[in-house]
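The values are calculated or read from the model by the stated rules, or taken from the named source; none is laboratory data. Bear in mind that the values here come from a model prediction, so they are computed numbers and not experimental data. Cβ: placed from backbone, ideal geometry, glycine included. Neighbour counts: every protein chain shown.
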Amino acid sequence: MAKVMLRENDEGKIFFYVAKKDMEEIISSLEFDTEEKWGGNVNLTNGDVWYIKPEPKKLPNEVEAKIVTRGDN
């Protein structure tokens, strides 16, 4: 598990930042994307898929996430 910082910009894009890897990507899609249930499998623009325990949407936020699959980039 890794600590991940999530933040949303003015255009509505959600940034996924892992400090230990100095990696910042944009979330391209989510398994659950409602205000009440947000998270699950999260697809990043680099092709990685991470898992965030679904919970109510709260941004910015620091959460625990786990890598599911690595992208080709």
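Considering only residues in the stretch 22-71 that are over 10 Å from the mean Cα position of the chain (by Cα) and among the hydroxyl-bearing types (Ser, Thr, Tyr), the one that is farthest from Lys3 (Cα to Cα) turns out to be Thr34. Annotation note: of Gly12, Gly40, the sole residue that is modelled with pLDDT under 95, at positive phi and of a type outside the set (Lys, Arg) is Gly12. Annotation note: of Asp22, Asp48, the sole residue that is charged (D, E, K, R) and at pLDDT below 95 is Asp22. Condition check: surrounded by 15 or more Cβ atoms within 10 Å (Cβ to Cβ), among the β-branched types (Val, Ile, Thr) and either in contact (Cβ under 8 Å) with a residue 24 or more places away in the chain or touching a helix residue (DSSP H, G or I) at 6+ places or on another chain (Cβ under 6 Å) (or both). Does Val68 satisfy that? Here the answer is no, as Val68 does not meet what is asked. Take Lys57 and decide whether it is touching a residue at least 12 places away in the same chain (Cβ under 8 Å), outside any strand (DSSP E or B) and in contact with a Phe, Trp or Tyr (Cβ under 6 Å, 6 or more places away or on another chain). When the stated conditions are applied, Lys57 passes them.
The residues in the stretch 31-48 that are outside any loop (DSSP other than H, G, I, E, B), of a type outside the set (S, T, N, Q) and surrounded by fewer than 16 Cβ atoms within 10 Å (Cβ to Cβ) can be counted, and the count is 4.
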